[in-house]
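Notes to accompany the following structure.
Throughout, read-outs are computed from the coordinates displayed, never taken from laboratory work. All values derive from a computational prediction rather than experimental measurement. No Cβ is skipped: glycine too gets one built from the backbone with ideal geometry, and neighbour counts run over all protein chains shown.
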Amino acid sequence: MKCQIVSFDQKKKMSIAGVDPGCKILCVGHVCIDMISICTSYPEEDSQVGTTTKINRFLLEDFAKFDVNTDYAVVHEGCDCPASCVILSVATGSRTIIHANKNLPEVSVEDFDKIDLAAFKWIHFEGRNVSNVTKMIERIRQYNRSHQDCGCITISVEIEKAKPELESLIPLPDVLFVSKDYAMFKGYSSMAETVKEIQAQAIPGSLVICPWGEDGASASNSVGKLVHSPAFPPLHVVDTLGAGDTFNAATIFSLSNGHTPKESITFGCRIAGLKVGVTGWEPLRKMAKDGTLCPIVENSSERSGVVIKAT
Ligand code: ADP
């Protein structure tokens with residue numbers, strides 16, 4: 001770069017001659033977008049917005065409100081609850097999540113060993129905490145081997161996040177839920193391709209299920225029979241946060257009650273379709289209480305024998 005020292009008189013002459021003499025002001029710094037949360041009043045300085053005890057109580061009460069039994073929940077009183085800041089798009093219903101976990105540990109194998117497995121017919125794992133989850137699944141397999149007369153526990157895993165280490169969970173469960181995010185991370189471009197590729201790595205006899213947003217969901221068993229359900233979009237999509245979890249829960253509920261994969265993913269899509277049309281889950285809870293959900297359950301076809309064979 002060439003640098004030239006110009007005197008004040010020279011600058012004046014250059015300016016009169018119509019030449020920009022370099023009189024602009026340069027600012028050096030960085031830019032930032034402010035996202036502002038408005039609250040009715042700001043908490044007193046140094047006071048806590050909620051103590052961990054209060055937050056833990058809120059979470060347990062919220063589970064109870066939705067009839068989720070938390071007898072086996074591990075509560076770490078000294079730890080902060082992980083938190084997410086979620087930006088929902090009103091235009092499309094999409095969500096962007098900023099997540100932080102300060103110090104809450106993952107569920108340990110010792111925590112899992114305290115559970116009386118005899119109480120359960122199905123155990124579902126979120127795909128994370130890979131080495132511990134692998135050991136927990138092995139515990140259930142041991143239990144199944146020694147309790148074949150009383151009925152085996154079906155194991156399902158959801159592979160959701162685009163993380164390479166989750167691949168080692170694929171050959172473990174009886175039922176696998178594979179998200180669109182993970183599928184795209186692996187370079188698969190459709191539900192059909194995803195279930196085919198994942199099936200090749202899963203245990204023989206397992207069921208692979210892949211929900212795909214507004215395109216619905218597909219599933220395939222080891223025989224390679226592909227079944228599909230369309231999505232059931234509401235009039236207006238308002239909140240897709242948790243659509244996948246709702247789909248998984250409804251599908252597991254249906255499979256565990258003896259419905260076929262096609263019936264079950266259809267039921268999952270119906271319930272998830274209802275969910276994306278409302279904010280949060282409170283409206284669904286009300287529908288379940290006042291009986292509005294019942295016709296949907298009944299319309300999802302008849303029960304046709306247990307289809308998942310746990311090993
Ligand atoms: P995730 O929330 O994990 O990203 P998906 O976006 O794949 O999960 O959605 C799970 C299920 O929710 C889909 O199979 C579909 O049945 C339903 N769903 C999601 N988005 C919509 C939508 N816009 N309209 C209708 N149903 C939807």
Between GLU197 and THR92, what is the label-to-label distance in nm when each label sits 7 Å out along the Cα-to-Cβ direction?
-> 2.2 nm
Enter the mean projected area of the convex hull around the alpha-carbon atoms of the range 64-144, in nm², rounded to one decimal.
-> 7.8 nm²
Compactness of the range 148-219 - radius of gyration and Dmax, Cα, Å | 12.5, 42
Total charge dipole magnitude, the chain, about the Cα centre, Cβ charges on Lys, Arg, Asp, Glu only, Debye to nearest 20 | 960 debye
Would you mind checking LYS54/LYS121; LYS65/LYS121; LYS54/LYS135; LYS121/LYS186; LYS102/LYS286; LYS225/LYS289 for any pair whose Cα atoms are more than 30 angstrom apart?
-> LYS54/LYS121; LYS54/LYS135; LYS121/LYS186; LYS102/LYS286; LYS225/LYS289
Here the FRET efficiency for ARG285 versus ILE36, based on Cβ atoms and R0 = 25 Å and rounded to 0.05, is 0.20
For the range 96-135, report the convex hull volume of the alpha-carbon atoms normalised per residue, in Å³, without decimals.
-> 112 Å³
With labels modelled as points extended 7 Å from the Cα through the Cβ direction, what inter-label distance (nm, one decimal) is found for VAL28 paired with VAL68?
-> 5.2 nm
Hey, any idea what Rg/Rh is for the range 83-236, computing Rh the Kirkwood way over Cα pairs?
-> 1.00
With the chain treated as a Gaussian network of Cα nodes joined by springs under 10 Å, which of PHE63, PHE253, PHE125 yields the largest mean-square fluctuation?
-> PHE63
Using the alpha-carbon atoms, what tilt in degrees (0 to 90, nearest 10) does helix 261-276 show relative to the longest principal axis of the chain?
-> 40 degrees
Of all the Cα-Cα pairs you can form in the chain, what percent are over 37 Å apart?
-> 30 percent
